[in-house]
C-alpha cells in the first residue's frame with residue numbers, strides 16, 4: 001500500500017521530516033507535486049545557499065547536487081534518514097518523488113501534511129529554485 005503525499009504549499013523541511021519518520025517506520029511513500037513545495041526565507045539568501053551547495057567540489061569527483069525539483073525534494077528527505085545504514089537504505093528505497101501528478105495516482109486521494117502547511121511572508125518554490133540552478137521546463 002502506497003501512501004500518496006501532496007507537497008503543494010508545504011514547507012519543504014517540515015514535510016521532509018514527517019516523510020522521513022514515516023519511511024523509517026516502514027511505509028512506502030510517493031510525494032507528488034514536488035515542484036510546488038516551498039522553501040521559507042529571502043529569495044536572495046536561498047539562491048546563494050543552493051548555488052554554493054551546487055558549485056562545491058568538481059564535476060568529476062562530486063559531491064553531486066541535483067537540479068530537478070523532484071530530486072531536490074528526495075535529496076532533502078535523504079538528509080533526514082541514516083541512509084548509509086541498512087535500515088536507512090531500505091527506507092530510502094521506499095520513497096518516490098514526482099513532478100506533478102503521474103497517471104497511476106490520478107483520481108486517488110492524496111494526503112496533505114497539515115503541520116507543514118503555512119504561508120510565510122517570504123518564500124520560494126522548489127520549481128523557482130530549480131530554474132535558478134539551470135533547469136528549463
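The values are calculated or read from the model by the stated rules, or taken from the named source; none is laboratory data. Computed from a prediction, not measured in an experiment: that's the story for all the values here. Backbone-built Cβ (ideal geometry, glycine too); neighbour counts: all protein chains shown.
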Review point. Looking at (1) assigned to a strand (DSSP E or B); (2) within 14 Å of residue 35 (Cβ to Cβ), which is the one condition that is false for residue 132?
Key: (1)
Check your understanding: For region 90-105, does any single residue satisfy the condition of being within 13 Å of residue 39 (Cβ to Cβ) and not in a strand (DSSP E or B)?
Key -> no
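Take residue 63 and decide whether it is modelled with pLDDT of 95 or more and more than 18 Å from residue 114 (Cα to Cα).
When the stated conditions are applied, residue 63 does not pass them.
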Study note, to complete from the structure: Note on region 40-62: residues exposed (fewer than 12 other Cβ atoms within 10 Å of the Cβ) and outside any helix (DSSP H, G or I) are 56, 58, 59, 60, 61, 62
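Can you say whether residue 92 is more than 18 Å from residue 6 (Cβ to Cβ), in contact with a helix residue (DSSP H, G or I) (Cβ under 8 Å, 6 or more places away or on another chain), free of Cβ contacts under 8 Å to residues at least 40 places away in the same chain and crowded, with 16+ Cβ neighbours inside 10 Å, as far as the supplied structure shows?
no
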Practice item. Taking residue 73 as the residue in question, decide whether it is under 13 Å from the mean Cα position of the chain (by Cα), at pLDDT 95 or above, surrounded by 19 or more Cβ atoms within 10 Å (Cβ to Cβ) and closer than 15 Å to residue 133 by Cβ. Key: yes
Revision key, fill the gap. Of the candidates 21, 136, the one satisfying the condition of being surrounded by fewer than 17 Cβ atoms within 10 Å (Cβ to Cβ), within 15 Å of the chain's Cα centre (by Cα) and over 19 Å from residue 8 (Cα atoms) is 21
Study note, to complete from the structure: Restricting region 4-18 to residues that are in a helix (DSSP H, G or I) and under 10 Å from the mean Cα position of the chain (by Cα), the one surrounded by the most Cβ atoms within 10 Å (Cβ to Cβ) turns out to be 15
